[in-house]
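Engineer: Would you mind keeping the following structure in view while I ask a few things?
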Amino acid sequence: MNLTGKDAIITRASEGNKQCELRNKKRRSALEPIRRIIFDEEDRADDYQLLRREWLVTNGLGGYASGTIDGTLDRRYHALLVAALPSVPGRVVLLNRLVESVKLDKERRILLGAELNEEPDRKINGAYHITEFSLEAGIPVWRYSVEGYVLEKRVFMPHLQNTVHLTYTLVSAPSGCSIELRPFLQFCSHDESLNENLCGCYSISTRENRFEISGEEKYPVLKLLPWGKEWEFELDGKSECRVHHCLEEQRGYESLQWLWTPGVISLNMRQGSTFTLSASCEPWETILALTPQQALKTEQARMSQLLDSSVPEARKGIAAELVIAADQFIITPVRANDAVRTHVSGDEARSVIAGYHWFTDWGRDTMISLEGLTLTTGRFTEAGWILKTFARYIRNGLIPNLFPEGKDDGRYNTADATLWFFHAVHRYIQYTNDHATLLKLLDPMLDIVKHHLEGTIYGIRVDNSDGLLYQGEEGVQLTWMDALVDGWVVTPRRGKAVEINALWYNALMLLEGWVRSERGGAASGFLAEAAQKARRSFNERFWYEKGGYLYDVIDGESGADKALRPNQVLAVSLDYPVLEKIKWQAVVNKVKENLLTPYGLRSLAPGDPQYKPEYFGDLRARDAAYHQGTVWAWLIGPFIDAWLRCYPSDTDGARKFLDGFRAHMGEACVGSISEIFDAEPPFTPRGCIAQAWSVAEVLRCIVKTEKMKTEHEQRRENS
């Protein structure tokens, strides 16, 4: 999709320029990498430029700040402070919006962002003053120009704090001016139903320059702290603004919400002066421990360290941006169980938020994302903590499918997350050679295989007749194609699914190698036998001769499913491919011809009766399209792995499969990658604005193809 705002990325000097790199080591700019979008008058008059670009800042706990570039509250999730709190209530919206305006004289007050969208017909009058939006190492920066006054705004969250700082700097001005900031809020749990009426009553107390806003007892106190000179907070306690969330209405959800405002902060500013408003639910001593300037420098230094720790191929271009984006998904969960269990063992808990805004941490997404988010970025210790965190939750031979919002325990309705766990462990060991962690995980993994061989919950069991893994229970969807609405399983896959059995064979082979190495062939023999039996049956039973590709499911409710889907690439892409080599190219070429797009793979081939070209509408309409054609960005990873397995010298071709994401980095959530896309041009981004496995797999493939290209060039030079 093309957006006309002028979009550019600025990154640090090339690796070859050693002198420049040394200078960068000494004075590593907190502004790198930069993605800058410049808006001219035509862009500012086009609401699509501003409303369909969003930004995201996170705090390493699952909390965040996010919105549209122009400030319109299009989603219920658009807010300046969404705090991540232990268990109940989970994530809580505490501060929705600041309405910002420049007061030039007594008569003229000019909005900097959009007006509060009280009605369905949105207005963007204030957005005419935005001239530039940038991401400076992940920190969003706005620049506004109003009759010679140029104002910059930054929004950032200190790591592991439920705090947000909003900093305003008057860059240039013909004279002094007054800036007015009016906060709007309604305390509510992250995912609870919106109430059109104002929820609860609010009170505000003051002490010197500290302000505390209290609502219902179940919510924390919101603390507001102004930092700067010549400001005053006029309290008027109005509750008069009804906001219409357009995107929520389009998605079939409640879309009207009342917001309350305690008053207006007025500040007098001169050229070069700076003012920060901090909003937090942390204790005052935590908020006051660092000034906003110190907190900003600390966060900038942390971003710089993330880039320095990453593999060399990830320190430039969009890979560097994706390293910053990857950090948004890695969290220290605030579940009480995690804190107790990990501290006893001397570790720390880590997990992965699957996507913003509404996902929590999911097992499948975490294991698929582990390499891209943590290993290519050099976060090896955290990768080990993630694996051990999930291992502590193994029940009945399964890792959790997800941890529900505000709950301590996981849900286990998944047949594939646990098998991806083996893949993630393997990649972790490849990078770290962490023998101690492997030994800790060996018995839990053996227990997993035992449960699968003997049969566990949700009908997950090995069929002794052919050694293939069966899964399924009526009304429950257990694979990644897991759309379920009003009891309707949209893509029923009960039976023996192609990717489940590819993952099963891969897991058996990996575990057989580890057990044989640690305990000898006698201990690993049953694993080798189970793996070979599964492989023989897979190649005998999954090949669809007439189509020249693999069935998606066999022994299903309707027999063998001939739908052409992307799941079959895992039979080629995994470390131990279950499909016989002679058929690799046929499968990969069939997928390329029918499913490949610039943004990943379609979930179903065009021409299928169930194919849906667009993911749009209410929940039922969207779920009907979720896996019936909709493009999934994460699938580009397995596809590139499979492509390079078939065509190992075609690194240039593999890199071209990633080109669409370069343009996408400047749309939707600027600097990140969306969850899904429509199946047909213009491939509109949909779903979560920032998705862990999308970011992880694109970053991983950039690094992989860059490494392979370098290796090929070196071999040519040496030959």
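The values are calculated or read from the model by the stated rules, or taken from the named source; none is laboratory data. Note that the coordinates shown come from a computational prediction; the quantities given were computed from them, not determined experimentally. Neighbour counts are summed over all protein chains in view; Cβ atoms, including those assigned to glycine, are modelled from backbone coordinates with ideal geometry.
Table: residues versus (1) among the aromatic types (Phe, Trp, Tyr); (2) surrounded by 19 or more Cβ atoms within 10 Å (Cβ to Cβ); (3) within 18 Å of residue 98 (Cβ to Cβ); (4) assigned by TED's automatic domain parsing to the domain that holds residue 184.
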{"residue": "259", "(1), (2), (3), (4)": "no, yes, yes, yes"}
{"residue": "275", "(1), (2), (3), (4)": "yes, yes, yes, yes"}
{"residue": "280", "(1), (2), (3), (4)": "no, yes, yes, yes"}
{"residue": "286", "(1), (2), (3), (4)": "no, no, no, yes"}
{"residue": "292", "(1), (2), (3), (4)": "no, yes, yes, yes"}
{"residue": "310", "(1), (2), (3), (4)": "no, yes, no, no"}
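Engineer: Taking interchain pairs and intrachain pairs at least six residues apart, which have beta carbon atoms under 9 angstrom, with the first residue in region 420-432 and outside the structural domain of residue 503 (by TED's automatic domain parsing) and the second assigned to a helix (DSSP H, G or I) and of a type in the set (Lys, Arg)?
Structural biologist: Partner pairs satisfying both residue conditions: 420/364.
Engineer: Would you confirm whether or not region 238-246 contains a residue that is at positive phi and not hydrophobic (A, V, I, L, M, F, W, C)? I'd like the intermediate steps shown before the answer.
Structural biologist: We begin by selecting, within region 238-246, every residue at positive phi; these are none.
No.
Engineer: Another question, if that's okay. Would you kindly identify the strands (runs of 3 or more DSSP E) lying entirely within region 161-223 that contain at least 3 residues that are in contact with a Pro (Cβ under 8 Å, 6 or more places away or on another chain) and either under 30 Å from residue 271 (Cα atoms) or at pLDDT 95 or above (or both)? Steps first, please.
Structural biologist: Working: elements: 163-172, 177-184, 203-207, 210-214.
Filter on region 161-223 gives an empty set.
Engineer: Name the pairs: first residue in region 166-191 and without any contact (Cβ under 8 Å) to a residue 60 or more places away in the chain, second residue surrounded by fewer than 20 Cβ atoms within 10 Å (Cβ to Cβ) and not in a strand (DSSP E or B), Cβ to Cβ under 6 Å, at least 6 apart or on different chains?
Structural biologist: Qualifying pairs under 6 Å: 174/148.
Engineer: Still on this structure, please answer the following. Checking the structure you have, find out if any residue of region 643-652 is part of a loop (DSSP other than H, G, I, E, B), among the charged types (D, E, K, R), surrounded by fewer than 21 Cβ atoms within 10 Å (Cβ to Cβ) and in contact with a Phe, Trp or Tyr (Cβ under 9 Å, 6 or more places away or on another chain).
Structural biologist: The first filter runs over region 643-652 and keeps only residues part of a loop (DSSP other than H, G, I, E, B), leaving 647-650.
Then keep just the ones that are among the charged types (D, E, K, R); that gives 650.
If we keep only those that are surrounded by fewer than 21 Cβ atoms within 10 Å (Cβ to Cβ) as well, we get 650.
Those left that are additionally in contact with a Phe, Trp or Tyr (Cβ under 9 Å, 6 or more places away or on another chain): 650.
Yes, because at least one residue in region 643-652 is part of a loop (DSSP other than H, G, I, E, B), among the charged types (D, E, K, R), surrounded by fewer than 21 Cβ atoms within 10 Å (Cβ to Cβ) and in contact with a Phe, Trp or Tyr (Cβ under 9 Å, 6 or more places away or on another chain).
Engineer: So which residues in region 224-262 are closer than 16 Å to residue 116 by Cβ and small (Gly, Ala, Ser)?
Structural biologist: 239, 255
Engineer: Tell me, please, whether a residue that is surrounded by fewer than 24 Cβ atoms within 10 Å (Cβ to Cβ), among the charged types (D, E, K, R) and at pLDDT 60 or above can be found in region 11-31.
Structural biologist: Step one: list which residues in region 11-31 are surrounded by fewer than 24 Cβ atoms within 10 Å (Cβ to Cβ), which gives 11-31.
Still in the running and among the charged types (D, E, K, R): 12, 15, 18, 21, 23, 25-28.
Filter once more, keeping what is at pLDDT 60 or above: none.
No, the conditions are met nowhere in region 11-31.
Engineer: I've got another one for you. Please list, ordered by residue number, the helices (runs of 4 or more DSSP H) wholly in region 372-476 having 1 or more residues that are over 28 Å from residue 358 (Cα atoms).
Structural biologist: Details: elements: 380-391, 417-432, 435-454.
Per the criteria, 417-432, 435-454.
Engineer: Test residue 93 against the stated conditions and say whether it is of a type outside the set (Phe, Trp, Tyr), modelled with pLDDT of 95 or more, more than 20 Å from residue 671 (Cβ to Cβ) and under 22 Å from the mean Cα position of the chain (by Cα).
Structural biologist: On the way: of a type outside the set (Phe, Trp, Tyr): yes; modelled with pLDDT of 95 or more: yes; more than 20 Å from residue 671 (Cβ to Cβ): yes; under 22 Å from the mean Cα position of the chain (by Cα): yes.
Here the answer is yes, as residue 93 does meet what is asked.
Engineer: Based on what the data block shows, is residue 557 closer than 24 Å to residue 612 by Cβ, modelled with pLDDT under 95, out of contact with any Ser or Thr (no Cβ under 8 Å at 6 or more places or on another chain) and not small (Gly, Ala, Ser)?
Structural biologist: Details: closer than 24 Å to residue 612 by Cβ: yes; modelled with pLDDT under 95: yes; out of contact with any Ser or Thr (no Cβ under 8 Å at 6 or more places or on another chain): yes; not small (Gly, Ala, Ser): yes.
Spelling it out, residue 557 is indeed closer than 24 Å to residue 612 by Cβ, modelled with pLDDT under 95, out of contact with any Ser or Thr (no Cβ under 8 Å at 6 or more places or on another chain) and not small (Gly, Ala, Ser).
Engineer: Ok, one more. Any residue in region 327-335 that is at pLDDT 95 or above, farther than 14 Å from residue 385 by Cα and in contact with a strand residue (DSSP E or B) (Cβ under 6 Å, 6 or more places away or on another chain)? Steps first, please.
Structural biologist: Step one: filter region 327-335 for residues at pLDDT 95 or above, giving 327-332.
Still in the running and farther than 14 Å from residue 385 by Cα: 327-329.
Going one step further and asking which of them are in contact with a strand residue (DSSP E or B) (Cβ under 6 Å, 6 or more places away or on another chain), we end up with 328-329.
Scanning region 327-335, I find at least one residue that is at pLDDT 95 or above, farther than 14 Å from residue 385 by Cα and in contact with a strand residue (DSSP E or B) (Cβ under 6 Å, 6 or more places away or on another chain), so the answer is yes.
Engineer: Among what's in region 113-140 and is of a type in the set (A, V, I, L, M) and farther than 22 Å from residue 257 by Cβ, pick the residue that is modelled with the lowest pLDDT. Talk me through it step by step, then tell me what you get.
Structural biologist: Of all residues in region 113-140, those of a type in the set (A, V, I, L, M) come to 114, 116, 124, 127, 130, 135, 137, 139.
Now drop any that are not farther than 22 Å from residue 257 by Cβ, which leaves 130, 135, 137, 139.
Working: 130: 91, 135: 96, 137: 94, 139: 97.
Taking the candidates together, the pick is 130.
Engineer: Out of the residues in region 226-253 meeting the condition of being outside any strand (DSSP E or B) and among the acidic types (Asp, Glu), tell me which one is surrounded by the fewest Cβ atoms within 10 Å (Cβ to Cβ). Give the steps one after another, and end with the answer.
Structural biologist: Pass one, region 226-253, residues outside any strand (DSSP E or B): 228-230, 245-253.
From what is left, the residues that are among the acidic types (Asp, Glu) are 230, 248-249.
On the way: 230: 13, 248: 20, 249: 15.
Checking each candidate, the answer is 230.
Engineer: Now, a different point. Of all residues in region 521-569, count the ones that are surrounded by fewer than 21 Cβ atoms within 10 Å (Cβ to Cβ), outside any helix (DSSP H, G or I) and of a type in the set (Phe, Trp, Tyr).
Structural biologist: 2
Engineer: Which number in (1) buried (at least 21 other Cβ atoms within 10 Å of the Cβ); (2) of a type outside the set (Lys, Arg); (3) out of contact with any Leu (no Cβ under 9 Å at 6 or more places or on another chain) marks the one condition that residue 595 misses?
Structural biologist: Failed condition: (3).
Engineer: Specify which of the listed residues (454, 405) is in contact with a strand residue (DSSP E or B) (Cβ under 7 Å, 6 or more places away or on another chain), farther than 19 Å from residue 575 by Cβ and not assigned by TED's automatic domain parsing to the domain that holds residue 525. Show your work before the answer.
Structural biologist: Details: 454 fails: in contact with a strand residue (DSSP E or B) (Cβ under 7 Å, 6 or more places away or on another chain).
Going through 454, 405 in turn, just one is in contact with a strand residue (DSSP E or B) (Cβ under 7 Å, 6 or more places away or on another chain), farther than 19 Å from residue 575 by Cβ and not assigned by TED's automatic domain parsing to the domain that holds residue 525: 405.
Engineer: Picking from 578, 591, which residue would you name as being in contact with a Phe, Trp or Tyr (Cβ under 7 Å, 6 or more places away or on another chain), among the aliphatic types (A, V, I, L, M), part of a helix (DSSP H, G or I) and in contact (Cβ under 8 Å) with a residue 12 or more places away in the chain? Before you say what the answer is, go through the steps one by one.
Structural biologist: Details: 578 fails: part of a helix (DSSP H, G or I).
Exactly one of 578, 591 is in contact with a Phe, Trp or Tyr (Cβ under 7 Å, 6 or more places away or on another chain), among the aliphatic types (A, V, I, L, M), part of a helix (DSSP H, G or I) and in contact (Cβ under 8 Å) with a residue 12 or more places away in the chain, namely 591.
Engineer: For residue 336, which of the numbered conditions (1) under 15 Å from the mean Cα position of the chain (by Cα); (2) within 18 Å of residue 61 (Cβ to Cβ); (3) of a type in the set (A, V, I, L, M) fails to hold?
Structural biologist: Looking at each condition in turn, residue 336 falls short on (1).
Engineer: Which of the residues belonging to region 76-90 are among the hydrophobic types (A, V, I, L, M, F, W, C) and at pLDDT below 95?
Structural biologist: The initial filter retains those residues of region 76-90 that are among the hydrophobic types (A, V, I, L, M, F, W, C), namely 79-85, 88.
Answer for region 76-90, where residues must be among the hydrophobic types (A, V, I, L, M, F, W, C) and at pLDDT below 95: 85, 88.
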